[in-house]
Amino acid sequence: MKNEKKSLAELILKHMAVHQLDQKSMAEKLGIQPATLCAWLNPSGHGITRKNAERIKFVCRDVIAISGNGNQVQTASADDPDKSFSAVEKFRAGLICALIDSELPPEALQIALKVVKDFKG
């Protein structure tokens, strides 16, 4: 779990670098308080819940795609984030947001997010 926290923190930092965001702006994108983001980025800070881990992966999806994890997600430009997303990507993004905001049990949420992620359209 500690390695996952470190990986998620690195993902956040990469996203911030690519999009030239400060911690306050990144916290806003993640829907959290800046102090929470600071704790996530601090190696001795508190952990990241599964729900928040999925939110981080969603917000940082363009960096994940650039990193080459095998997902075929189009990268949005910093100037126009909606420009390069297909209808399928927009649909997938909407579903992921809805799932993250839902109150599904963690196991069900994980399964649903995998189904949405693997959806080809």
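Within segment 26-38, track down each residue that is within 21 Å of Ile96 (Cα to Cα) and of a type in the set (Gly, Ala, Ser).
Ala27, Gly31, listed by residue number.
Hey, does segment 100-107 have a residue that's in a helix (DSSP H, G or I), open to solvent by less than 80 Å² (accessible area, probe 1.4 Å) and modelled with pLDDT under 75?
yes
Tally time: how many residues in segment 73-99 are at pLDDT 70 or above and open to solvent by 50 Å² or more (accessible area, probe 1.4 Å)?
The qualifying residues number 3.
If a residue counts only when it is open to solvent by 30 Å² or more (accessible area, probe 1.4 Å), out of contact with any His (no Cβ under 7 Å at 6 or more places or on another chain) and acidic (Asp, Glu), which helices (runs of 4 or more DSSP H) contained entirely in segment 1-56 have at least 1 such residues?
It comes to 2-18, 23-30.
Those residues that are of a type in the set (A, V, I, L, M), in contact (Cβ under 8 Å) with a residue 24 or more places away in the chain and over 21 Å from Gln110 (Cα atoms), I need them from segment 1-50; list them, please.
Hits for segment 1-50 are Leu13, Val18, Leu37, Leu41.
For segment 111-121, which positions are part of a helix (DSSP H, G or I) and either surrounded by fewer than 15 Cβ atoms within 10 Å (Cβ to Cβ) or at pLDDT below 70 (or both)?
Selection gives Ile111, Lys114, Val115, Asp118.
The values are calculated or read from the model by the stated rules, or taken from the named source; none is laboratory data. Quick caveat, the model's predicted, so the values are computed rather than measured. Heads up, the Cβs are rebuilt from the backbone with ideal geometry, glycines too, and the neighbour counts pull from every protein chain shown. For accessibility, only protein heavy atoms count, side chains too; no ligands or nucleic acids. Shrake-Rupley method; radii C 1.70, N 1.55, O 1.52, S 1.80 Å.
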